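Student: Starting off with a structure, shown below.
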Amino acid sequence: MSPNRTTDPLRDRELLLGVSGSIAAYKAAELASLLMKRGARLTVLMTRGASEFIGPLTLATLSRRPVVTTLFDPDSADVEHIEMTERADAMLVAPATANTLAKLTTGLADCPVTTAALALKPSTPLIVAPAMNTRMWEHPATRENLRKLKSRGVLIVPPAEGLLACGTVGIGKLAALEDILAALEKTLA
């Protein structure tokens, strides 16, 4: 059953979708499509690694906005990453790689996704949906990064168990899109 358009917590919300370099990046296209169908206004930001898995044109077509793939736009004097975070109601990073989680934890801002996350207003929710190999998910560094992010109020949508791209079965698959949307809805309701 689809949500009522007049009471949908995603309708008319300004959302940032950060996509990092996981094989699960292809699922960002379906996620963007679902968000747009729900009436959200969506800006997609991608890491260079994400662009290796899915083309920015796909996400630009679905979001009906240019995709941010670089921190520098030679045709603009605007400080785009600050402006977009000023109007954002929430930021979702899906998929979030172990590398992106580490950058978010340390405040490293070297790509559009991590720079926008660092520039978010303190009141703007940040939700991350990790996707990675099981050993990376279970590594003490990743576990510590997740603890730190949670302590700062970042909502973590944990990965699912299943067949991973490497051919093994374990925890690390991107959570079901319904679960990611439910977390976003709950945050914005």
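Student: Using packing as a proxy for protection, rank 21-29, 100-108, 125-133 so that the peptide with the highest average count of other Cβ atoms within 10 Å comes first.
Tutor: 125-133, 21-29, 100-108
Student: For the chain, what does the helix formula give at 222 nm: sum of -39500 (n - 2.57) over DSSP H segments with n ≥ 4, over the residue count, nearest 500 deg cm²/dmol?
Tutor: Computed mean residue ellipticity for the chain: -11500 deg cm²/dmol.
Student: Next question. Relative contact order for the chain: what is it in percent, counting Cα pairs under 8 Å that are at least 6 residues apart?
Tutor: 21 percent.
Student: How would the chain be classified by its alpha-carbon gyration tensor: rounded, prolate or oblate, with rounded meaning a/c under 1.5 and the a/b versus b/c comparison settling the rest?
Tutor: Rounded, since a/c falls under 1.5.
Student: How do the peptides 156-167, 36-47, 54-65 rank, highest first, by the average count of neighbouring beta carbon atoms within 10 Å per residue?
Tutor: 36-47, 54-65, 156-167
Student: At 7 Å along Cα-to-Cβ for each site, give me the label-to-label distance between Cys166 and Ala60 in nm.
Tutor: Taking the simple label geometry, Cys166 and Ala60 are separated by 3.4 nm.
Student: Please report the antiparallel percentage of DSSP beta bridges with both residues in the chain, rounded to the nearest 5.
Tutor: Taking every DSSP beta bridge within the chain, about 20 percent pair in antiparallel fashion.
Read-outs throughout are calculated quantities, based only on the coordinates presented, and are distinct from any laboratory measurement. If you're wondering where the values come from, they're calculated on a predicted model, not measured in any experiment. As a convention, Cβ positions derive from the backbone with ideal geometry for all residues, glycine included, and neighbour counts pool all protein chains shown.
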